Ligand SMILES: C[S@@+](CC[C@H](N)C(=O)[O-])C[C@H]1O[C@@H](n2cnc3c(N)ncnc32)[C@H](O)[C@@H]1O
């Protein structure tokens, strides 16, 4: 009963953010690609998730909804205003996972994080994806899932990242086309 209520509140917040994104530019992952993200999170059943690029908390809530009580998402956002809005949305959504938003540049924050991550969602500055991944790599383990948004529309900006996950031999990686964009899902070997 309690869990049902918590899922309903999360859905409500997600629908509200989607409506805001239709009225104003708000680069959330959105419901279509979000479905793939939710599926990967559900499959991986992660205890700890690292998110790079919180914005207003849409994807963090989407992931947190799929995770179990006792699990945690560490989400990094460079802009204080966005992070504060995310904090409000996260409280309203009331998902099972604990979501901690850190305000700062991911390039500075990632090296300070303790412990390991079972899933990483990268969705910040497109030309920095490879730097985020390399900084996070010491905290990944065999089987960690790395999910990167915008691998279709920003493939040029992300070319070094895509080349790395596809050809370094460190990941098994696949591109999934979703509508006019796509996501790259890479599993650490
Ligand atoms: C595409 S939005 C994230 C959308 C969010 N993941 C979602 O689907 O709801 C990208 C976010 O990354 C943030 N960002 C950009 N560069 C960053 C950096 N170096 N460190 C942390 N956040 C960054 C931006 O301020 C923006 O809020």
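The values are calculated or read from the model by the stated rules, or taken from the named source; none is laboratory data. Remember, it's a predicted structure, so these values are computed and weren't measured experimentally. Counting neighbours? That spans all protein chains shown, and the Cβs are built from the backbone with ideal geometry, glycine included.
In this structure, does residue 119 turn out to be out of contact with any strand residue (DSSP E or B) (no Cβ under 6 Å at 6 or more places or on another chain), at pLDDT 95 or above, within 15 Å of the ligand (Cβ to nearest atom) and on the phi < 0 side of the Ramachandran plot?
On the way: out of contact with any strand residue (DSSP E or B) (no Cβ under 6 Å at 6 or more places or on another chain): no; at pLDDT 95 or above: yes; within 15 Å of the ligand (Cβ to nearest atom): yes; on the phi < 0 side of the Ramachandran plot: yes.
So residue 119 fails the test.
If you take the residues of segment 80-101 that are buried (at least 18 other Cβ atoms within 10 Å of the Cβ) and assigned to a strand (DSSP E or B), which of them is nearest to the ligand (Cβ to nearest atom)? Checked segment 80-101; the qualifying residue nearest to the ligand (Cβ to nearest atom) is 101.
In this structure, does residue 152 turn out to be assigned to a helix (DSSP H, G or I), in contact with a strand residue (DSSP E or B) (Cβ under 8 Å, 6 or more places away or on another chain) and without any contact (Cβ under 8 Å) to a residue 60 or more places away in the chain? Walk me through it before giving the result.
On the way: assigned to a helix (DSSP H, G or I): no; in contact with a strand residue (DSSP E or B) (Cβ under 8 Å, 6 or more places away or on another chain): yes; without any contact (Cβ under 8 Å) to a residue 60 or more places away in the chain: yes.
So residue 152 fails the test.
Residues of segment 102-124 being part of a helix (DSSP H, G or I) and crowded, with 18+ Cβ neighbours inside 10 Å, which ones? So that I can check it myself, show each step before the final result.
At the first step, the residues of segment 102-124 found to be part of a helix (DSSP H, G or I) are 106-112.
Listed by number, the residues that qualify are 106, 109, 110.
The residues of segment 122-143 that are in contact with a strand residue (DSSP E or B) (Cβ under 7 Å, 6 or more places away or on another chain) and within 10 Å of the ligand (Cβ to nearest atom), listed by number, are 122, 123, 124, 132. Out of 178, 146, one residue alone is out of contact with any strand residue (DSSP E or B) (no Cβ under 9 Å at 6 or more places or on another chain) and in contact (Cβ under 8 Å) with a residue 24 or more places away in the chain. It is 178.
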